[in-house]
Amino acid sequence: MFGQPTENAIDTSNAGEAERVRELLRANDELKELNAQLRDAQDKLMQSEKLASIGQLAAGVAHEINNPIGYIFSNFGTLEKYMARLFDMLNAYEAAEVDLAGTPRAALLKALREENEIEYLKEDIPTLMAESKEGITRVRTIVQNLKDFSRVDTSQEWVMADLHHGIDSTLSIVANEIKYKAEVTKEYGAIPDVECLPSELNQVFMNLLVNAAHAIQAERGAITVRTGVRDTHVWVEVHDNGSGISRENQARIFDPFFTTKPVGKGTGLGLSLSYGIVKKHDGQIEVESELGVGTTFRVVLPIVRAIRPVVPSATES
Ligand SMILES: Nc1ncnc2c1ncn2[C@@H]1O[C@H](COP(=O)(O)OP(=O)(O)OP(=O)(O)O)[C@@H](O)[C@H]1O
Ligand SMILES: [Mg+2]
């Protein structure tokens, strides 16, 4: 009824009536705002429930795959060493064949070698081995990431750590991935040490930074890392002026295996993993993005783990 008020709606000779209408309009605006907040909270709840159940599934799958992948990986290393020994032996036999020159046996060996394409196998086997090893390594990384995502591995220690230190060391690790694509600017606030699992948080920063670099298609982009503190929490933002993320994709980016990158470039685990790590820290990870303009990821973490008030959302330092 008051969805689209017209001038006429409040243009009444009766001042009391006009005031009442204004009051109703204000109430209506408030309700709309509350409704939007409710919808937002519901979205977040659904997202975190969905990820919790995916996490359980992932933990099961990771556990099942982890074992066979472990022995395939280990056997593969042994197999590579055995192959090298067989090749050494084969070369020795070939050298010895010279001594048989002119005999029927030498002719037979030559024919057999050609029939079985031994020269080709000698070249191709190491290539196949290398490719397979890379494949297994990739599967192992995915399984490890799934395990991290579902928080199966709890062997690490919680310490009070300087997040700037972690971000700086992560920046130096990903420097190669970033330096040709973007200028990185740091806008660090004065933040206290945070109770955390530093290496896991570094993984979050790494995922955000690499994603930011990947999103930049222009000649030269800009990535800004900002930090700040508000009350009981610190926040870290990674901003890029890259491609941006469409509305419908924003609802899916934290899902495991959701990726828009070509096969081999992205597994779609970076953000789901980061989500799990931030949750483990009783924190929040949020995204703000506009297509063609850029994206900001914001990680909010409690300074000390036990404190769990409502997480601030305003950008304050
Ligand atoms: N800064 C960003 N700008 C634009 N799109 C982004 C950004 N960060 C994430 N995305 C989108 O979210 C998707 C999921 O990101 P995520 O890090 O989980 O996986 P990935 O980068 O595709 O693969 P992986 O991190 O496993 O190598 C990306 O494929 C991309 O479409
Ligand atoms: Mg990624």
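Since every read-out is calculated from the coordinates, none of them should be taken as a lab result. Given the structure is predicted, the values throughout are model-derived calculations rather than measurements. Quick reminder, even Gly has a Cβ in these numbers, built from the backbone with ideal geometry, and neighbours come from all protein chains shown.
Odds and ends about this structure:
- Residues in region 187-201 that are exposed (fewer than 15 other Cβ atoms within 10 Å of the Cβ) and outside any loop (DSSP other than H, G, I, E, B): Glu187, Ser199.
- Scan of region 279-295 for residues that are surrounded by 17 or more Cβ atoms within 10 Å (Cβ to Cβ) and either free of Cβ contacts under 8 Å to residues at least 12 places away in the same chain or closer than 22 Å to Ile178 by Cβ (or both), ordered by number: Ile285, Ser289, Gly294, Thr295
- Any chance Ala18 is without any contact (Cβ under 8 Å) to a residue 12 or more places away in the chain and within 30 Å of Leu146 (Cα to Cα): no
- When residues of region 239-254 are limited to those that are free of Cβ contacts under 8 Å to residues at least 24 places away in the same chain and within 16 Å of ligand 2 (Cβ to nearest atom), the one surrounded by the fewest Cβ atoms within 10 Å (Cβ to Cβ): Asn249
- All told, Gly102 meets the bar of being in a loop (DSSP other than H, G, I, E, B) and among the small types (Gly, Ala, Ser).
- Within region 255-271, being of a type in the set (Lys, Arg) and either touching an Asp or Glu at 6+ places or on another chain (Cβ under 6 Å) or more than 9 Å from ligand 2 (Cβ to nearest atom) (or both) holds for one residue alone: Lys265.
- Residue selected from region 260-273 under the condition of a type in the set (Ser, Thr, Tyr) and surrounded by 17 or more Cβ atoms within 10 Å (Cβ to Cβ), by the criterion farthest from ligand 1 (Cβ to nearest atom): Ser272
- Hits in region 169-183 - residues which are of a type outside the set (A, V, I, L, M), in contact with a Gly (Cβ under 9 Å, 6 or more places away or on another chain) and not in a loop (DSSP other than H, G, I, E, B): Glu183
Yes/no per residue for (1) within 16 Å of ligand 2 (Cβ to nearest atom); (2) among the basic types (Lys, Arg):
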residue	(1), (2)
Lys133	no, yes
Trp158	no, no
Ile216	yes, no
Asp231	no, no
